[in-house]
Amino acid sequence: ETGVTQTPRHLVMGMTNKKSLKCEQHLGHNAMYWYKQSAKKPLELMFVYNFKEQTENNSVPSRFSPECPNSSHLFLHLHTLQPEDSALYLCASSQPPDYGYTFGSGTRLTVV
Amino acid sequence: GNSVTQMEGPVTLSEEAFLTINCTYTATGYPSLFWYVQYPGEGLQLLLKATKADDKGSNKGFEATYRKETTSFHLEKGSVQVSDSAVYFCARGKLIFGQGTELSVKP
């Protein structure tokens, strides 16, 4: 248990499905992040939220839609994904960024 | 620009060998520096950190010293174990990660 909990751990979805990834932290952190980790590629920052407000969107396609209802919860809504979106999606939190991030265990997503 | 560069992997060592994974960074100012470890099937875990020049971070036998002169933060361990097999990421503050270095330790 790292303090950041992600569900589900594994997800297989078809290209026409709609699903959501969930991230939860009770560390009192005010910043939360979504990262994508693909095989043989560097970590890709997707979204940053500070105090529930989105402060960064790294040119992520609109088929990925984040939601941050409060400082403890972060969602990533998925729809009409492509097979190349298959990856490990990592959530992280921090307070503040220079103190280091606490990562969840990730959701392994497979798009078929 | 702002970047973090790590040595290419995979690195394969025998148990009890000495480990060095090089990491250099570019930045304006003096950001905090971190090493994260990712075990198979898991997310990233913070291994150690240093927040200012000449600081040494250490944890689980791993060490790294913040070198301002060489803009480096190399990870070292005197005697690796099979259980150290993982991917190691160097990172600096403001969300910049290196590409990761895979370490494989053989018995």
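Suppose we flag trypsin sites (Lys or Arg not before Pro) only when DSSP calls them loop and at most 12 other Cβ atoms lie within 10 Å. Which is the longest uninterrupted stretch of chain A? Free of exposed loop sites, the longest segment is A:41-112. Measuring between alpha carbons in the structure, the pairs from A:K22/B:K60; A:K41/B:K106; A:K19/A:K52; B:K49/B:K77; B:K60/B:K106 lying more than 23 angstrom apart are A:K22/B:K60; A:K41/B:K106.
Taking all Cα pairs closer than 8 Å and separated by 6 or more residues, the relative contact order of chain B comes to 38 percent. A simple rule links phi to the HN-Hα coupling: the Karplus curve 6.51 cos²θ - 1.76 cosθ + 1.60 with θ = phi - 60°, which for segment B:38-51 gives 10, 7, x, x, 10, x, 8, 10, 5, 9, 7, 8, 9, 9 Hz, with x for Gly and Pro. A convex hull fitted to the Cα coordinates of segment A:12-112 yields 95 cubic angstrom per residue.
Along the axis of the charge dipole computed for chain A (Cβ charges of +1 for Lys and Arg, -1 for Asp and Glu, origin at the Cα centre), the listed residues A:Q95, A:L109, A:H77 are led at the positive end by A:L109.
The Rg/Rh ratio of the protein assembly as shown, with Rg taken over Cα atoms and Rh as the Kirkwood radius over Cα pairs, comes to 0.98.
Around the amide H of B:E42, modelled in the peptide plane, lies no amide H under 5 Å away from a residue 5 or more places distant or on another chain. Its Cα centre serving as origin, chain B has a Cβ charge dipole (Lys and Arg +1, Asp and Glu -1) of approximately 400 debye.
Within segment B:38-107, the GluC sites (Glu not before Pro) that combine a DSSP coil assignment with at most 14 other C-beta atoms in a 10 angstrom radius are B:E69.
Roughly speaking, what % of Cα-Cα pairs in segment B:52-107 are separated by over 18 Å, rounded to a whole number? Could the numbers behind the result be given before it?
Values: 618 of 1540 pairs.
Roughly 40 percent, rounded to a whole number.
Sequentially through segment A:71-82, phi angles give Karplus couplings (6.51, -1.76, 1.60; θ = phi - 60°) of 5, 9, 10, 9, 10, 10, 8, 10, 8, 6, 6, 10 Hz, Gly and Pro residues having no value and appearing as x.
Across segment A:39-46, computed HN-Hα scalar couplings (Karplus, 6.51 cos²θ - 1.76 cosθ + 1.60, θ = phi - 60°) run 4, 6, 10, x, 4, 10, 6, 9 Hz from first to last residue, x flagging Gly and Pro.
None of the figures in this text is laboratory data; all of them are computed from the coordinates on show. Predicted model, so just to flag it, every value in this text is computed and none were measured. Every residue, glycine as well, gets a Cβ built from its backbone with ideal geometry; the counts of neighbours run over all protein chains shown.
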